[in-house]
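Okay, so here's the structure we're looking at.
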Amino acid sequence: MNHHPDLTAGVMAGLSWYYLLAGLLNACAAGYISYSELVSEGASREGLAPKTRFMPSWLKNSLWLFYGVGGLAAIVNPHLGFWLITIGSSVLSIASAADAAFYAEHDAEHKGDHKPSLNDHQPSVGIGGPLNRAIWSSVWALFAMLFSIMGVIYALGAEYAMPQFIRDAIDAASGATSFFTISTLAFVGMIVYRRFLANGLVAWLGLNLSLLFFGLSMTDYDFRDIVTKPDNVPIIGLIYLVAYFTWLGLRRAVINDARMEKGLPTLEELGMEKTLTWPDLVYTELIALVIGTVALIAWAIVLQAPLEQPASSTQAPNPSKAPWYFLGLQEMLVYFDPWMAGVVLPTFIVIGMMAMPYIDNNKAGNGYYTIRQRMFAYATFQYGFLVLWVVLILLGTFLRGPNWNFFGPYEYWDLHKLEPLHNVNLSDIFWIQFLRQSRPSAILIREMPGIILTVGYFAVIPALMYLAFFKKYVAEAGFIRYSVLAMLLLFMASLPIKMVLRWTINLKYIVAIPEYFFNI
């Protein structure tokens, strides 16, 4: 049992600044909603009167004072800098919400004289109607104040941690089966409710909830010990980057689908302006190079390189993990023989990527985002990338502990934890459990159930897929292309199938021929 304290002075100071930055983000969001031009992608500015709502000069000067002086003071006196920035965020939040309400009241009083202008939110086609600036500016101001108050709580030395019963409940629900199942259901929900999720307000709300959950989780020592390892920190950034770019592509696809449904050009067709390599592209690349270099230098100074002692055959780390980008393959070793997980499946991944342009005969979606016109391709690729790759990386990074056992996010990595598994092969289930007799000594007879099942999987299912879904594709692309596509899909589906079989009936191998090192 781990007895390290959940909260120390350093942790509380870090959490105070963490919540301060979260509050600052929401204060800026409240100000953006209240004062900025809100013209979404593809919305036209034609016929709109100029914007008349602006951030008052007193508020601008106050922000320069609190943020500028607070940022400089934080270098010399972090405590003083914290309070100045907190006051600045509070002033920005309250003023933004109050001004948004004032403008809304003013527009209501002059409703007859109100003409469409840049004061009004111009929504994207297919995302929803205009937003109410007063309501949403107040919502983000409320979030800013909530985060600021939490930061002040830790700055004043008050100890508040995530309740233990919540941690225990999350640990209990974080088994491998539930983790993968929830990920799959979340992926299905992302596609079904993509119009709802593509809304920027929903995305910002999700970001706030994730920041709140991560901050509360950092009050647990075991969670903090895992995520703050130098080689695990980039994975946290990976989560947010993958989530953002997945959402961005989803949003643009939803907008394009809605625009094409109404006979409007896509967003990409609206921005067909030519960009010069020099100076536009070169300047952009130079700026990105400088920013990336500065970020890497700061990273190298703040985080120590995760170097361990020289490799030794007498002492191996526990758990012994591959680099993060190979953790998906290492997770496959739990369910497949090494030759399958380390050679066959990665080979088919590479072959599939190379063959995709030749087996995809759908020309829709070239040069623009769309889901409706490419539903099968989008769902297949995104499931393979997000669930069968990214989720496995996260599982292997944060939830696989000593002896490759599965641990909850708030569970102590106990070296002595044992999870005895009675893994059985299909031949054991068929001959011993089902027929209640000993397994035949002849290899082919012993493994005949698995061989029949495997051959049927690769022979019968493609025929059923053809009859149910792919008649039109075979007529257009031909039988050879369909055969390649079907094999790639079946190998891809073999991973979640094998995972479910291991979790439900402890099935290890469908065909087990250890005499010749051939196991499936």
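The values are calculated or read from the model by the stated rules, or taken from the named source; none is laboratory data. Owing to the predicted nature of the structure, the values given are computational and were not obtained by experimental measurement. FYI the Cβ positions are ideal-geometry reconstructions off the backbone, even for glycines, and counts take in every protein chain you see.
Listed values, structure above:
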read-out	value
Unmet criterion (only one of (1) basic (Lys, Arg); (2) at negative phi; (3) surrounded by fewer than 16 Cβ atoms within 10 Å (Cβ to Cβ)) for ARG374	(3)
Qualifying residue in the stretch 78-88 (condition: within 14 Å of ALA30 (Cα to Cα) and either touching a helix residue (DSSP H, G or I) at 6+ places or on another chain (Cβ under 6 Å) or part of a helix (DSSP H, G or I) (or both))	yes
Residue identified as farther than 18 Å from ALA144 by Cα, touching a Pro at 6+ places or on another chain (Cβ under 7 Å) and surrounded by fewer than 13 Cβ atoms within 10 Å (Cβ to Cβ) among PRO56, PRO130	PRO130
Every residue from the stretch 439-478 that is β-branched (Val, Ile, Thr) and free of Cβ contacts under 8 Å to residues at least 60 places away in the same chain	ILE445, ILE452, VAL455, VAL460, ILE461, VAL474
Conditions (1) surrounded by 10 or more Cβ atoms within 10 Å (Cβ to Cβ); (2) more than 25 Å from the chain's Cα centre (by Cα); (3) farther than 28 Å from GLY200 by Cα: number failed by THR277	(1)
Yes/no for ARG252 being within 30 Å of PHE196 (Cα to Cα), out of contact with any strand residue (DSSP E or B) (no Cβ under 8 Å at 6 or more places or on another chain) and of a type in the set (D, E, K, R)	yes
The lone exception for LEU395 - which of (1) touching an Asp or Glu at 6+ places or on another chain (Cβ under 9 Å); (2) surrounded by 14 or more Cβ atoms within 10 Å (Cβ to Cβ); (3) not in a helix (DSSP H, G or I); (4) not β-branched (Val, Ile, Thr) it fails	(3)
Flag if PHE102 is surrounded by 13 or more Cβ atoms within 10 Å (Cβ to Cβ), in the same structural domain as LEU59 (by TED's automatic domain parsing) and under 23 Å from TRP204 (Cα atoms)	no
From LEU72, LEU48, LEU63, residue being under 24 Å from ASP107 (Cα atoms) and not basic (Lys, Arg)	LEU48
Filter result (in a helix (DSSP H, G or I) and under 16 Å from ILE127 (Cβ atoms)) within the stretch 255-301	ILE255, ASN256, ASP257, ALA258, ARG259, MET260, GLU261, LEU267, LEU270
Segments classed as helices (runs of 4 or more DSSP H), wholly inside the stretch 446-517, with at least 2 members that are under 30 Å from PHE179 (Cβ atoms)	448-468, 479-505
Candidates GLY10, GLY14, GLY23, GLY70 - the one that is closer than 20 Å to SER148 by Cα, touching a Gly at 6+ places or on another chain (Cβ under 6 Å) and not aromatic (Phe, Trp, Tyr)	GLY70
Any hit, the stretch 407-421, residues being of a type in the set (Gly, Ala, Ser) and surrounded by 17 or more Cβ atoms within 10 Å (Cβ to Cβ)	yes
Any hit, the stretch 433-442, residues being of a type in the set (Ser, Thr, Tyr), outside any helix (DSSP H, G or I), more than 32 Å from the chain's Cα centre (by Cα) and exposed (fewer than 12 other Cβ atoms within 10 Å of the Cβ)	yes
Selection count, the stretch 148-178, where residues are hydrophobic (A, V, I, L, M, F, W, C), in a helix (DSSP H, G or I) and modelled with pLDDT of 85 or more	9
Flag for ILE226 being within 15 Å of the chain's Cα centre (by Cα), assigned to a helix (DSSP H, G or I) and either modelled with pLDDT under 90 or among the aliphatic types (A, V, I, L, M) (or both)	no
Every residue from the stretch 169-183 that is surrounded by fewer than 16 Cβ atoms within 10 Å (Cβ to Cβ), of a type in the set (S, T, N, Q) and either closer than 17 Å to ALA379 by Cα or outside the structural domain of PHE376 (by TED's automatic domain parsing) (or both)	THR181
Qualifying residue in the stretch 355-371 (condition: more than 24 Å from LEU241 (Cα to Cα), within 25 Å of the chain's Cα centre (by Cα) and either outside any loop (DSSP other than H, G, I, E, B) or at pLDDT 90 or above (or both))	yes
